[in-house]
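In what follows, a single structure is set out as structure tokens and then discussed.
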Amino acid sequence: MSFFDRYSSAVTLPGAPRQTNVPKLIVHGLIALVLISIVLSMQPFRTVPTGTRGVITQFGAIRGIEPEGLVILPPWQKLTIFNIRAEEATIDNAEGSTSDTQPVKVSLTVRYSIAPDRVSEVFEKYSHDGNLSSYVQTATQEVFKAVTARYTAPDLISERAKVSSDINQSLRGKLALYGAQVINIDMRNFAFSSDYMSAINQKVTQEQLRLAAENKVKTVEAEQKQKVAIAEAEAAALRAKADGEAYANLKVATAQADALRIQNAALAQNKDVLELRRIEVEQAKAERWDGKLPQNIYAGAPIPFMSLSH
């Protein structure tokens with residue numbers, strides 16, 4: 001007799017019928033509970049969150065990459081959540097040297113993400129969660145040194161936008177080796193040594209003073225040119241006025257000479273014209289006479305005559 005049969009007979013009351021099916025129900029229930037517990041402990045239903053990928057491994061080997069959503073796993077496989085969202089790597093005071101041997105420092109923040117089609121490679125070689133911060137920091141240091149070595153210190157300041165573009169381009173190529181893609185780079189606290197910055201400030205001040213002096217000279221020259229132009233214009237106006245007056249006088253003199261020449265010619269042709277002019281003059285005097293004789297007559301003064309008609 002089994003343990004359950006003995007237990008059943010022990011608990012059966014006197015005079016009651018034997019119930020041999022109760023222990024079987026208990027056994028079946030226990031078995032079902034054990035199976036349910038085993039299934040629940042295995043957790044075959046998993047979820048891959050948004051912005052991640054699920055890496056399925058079996059005894060350490062990659063068996064597949066699952067997209068976002070529900071995943072059903074057998075108990076002999078494992079699911080690892082791998083982030084493909086944007087990550088940040090901060091590099092404080094990255095050091096470099098220019099082509100003219102001036103030390104330079106900069107702080108950078110690099111935003112990057114894992115390329116979705118490179119998840120398996122990155123998981124196998126570099127990171128099990130998509131965090132490549134240490135690789136990005138090292139690569140950024142190397143790129144910054146290589147790029148700054150191609151510029152002189154003044155060019156590094158005046159062409160900062162181009163320097164940033166060169167760093168971005170070089171870092172993209174370098175991080176692509178690790179399966180990462182650069183989103184953007186924030187470059188800040190760009191600085192040289194204190195001695196060099198002091199020299200730069202002095203040079204800028206001197207350049208500003210030089211430009212101010214040149215502008216002042218140009219202003220004086222412009223004023224002088226303006227004065228010369230005004231003087232030349234005034235002189236030209238005076239010359240024009242003098243030329244005009246001379247021309248007018250010449251014309252008047254010419255006209256008077258022509259008039260005299262005509263009169264002389266007329267006198268030469270007719271002597272009566274002179275007598276006619278004398279008569280005209282005397283007539284004009286007579287018309288202006290008021291009929292009074294002068295009170296004082298001096299010796300040799302002409303005595304006016306008045307003809308009386310009878």
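Bear in mind that the values in this text are calculations on the coordinates, not laboratory data. Keep in mind that what you see is a predicted model, and the values were worked out from it rather than measured. Every residue, glycine among them, receives a Cβ derived from its backbone with ideal geometry; neighbour counts consider all protein chains shown.
Each peptide in 120-131, 158-169, 184-195 gets a packing score, the mean of other Cβ atoms within 10 Å over its residues, and the list from highest to lowest is 120-131, 158-169, 184-195. Give the separation of the Cα centroids, the stretch 105-173 to the stretch 70-91, in Å. Cα centres, the stretch 105-173 to the stretch 70-91: 24 Å. Taking the average, over residues, of other Cβ atoms within 10 Å as the packing measure, peptides 88-95, 109-116, 149-156 rank 109-116, 149-156, 88-95 from highest down. Listing Val55, Val34 from fewest to most neighbouring C-beta atoms within 10 Å gives Val34, Val55.
List the lysines whose alpha-carbon lies under 16 Å from that of Lys145, not counting same-chain residues fewer than 8 positions away? Within the straight-line limit of under 16 Å, Lys145 reaches these lysines: Lys105, Lys162, Lys174. Sites listed here are trypsin sites (Lys or Arg not before Pro) in the stretch 47-86 whose DSSP assignment is loop and whose Cβ has at most 15 other Cβ atoms within 10 Å: Arg85. Taking each residue as 0.36 nm, the span from Ala229 to Asp243 lengthens on full extension beyond its C-alpha to C-alpha distance by 3.0 nm.
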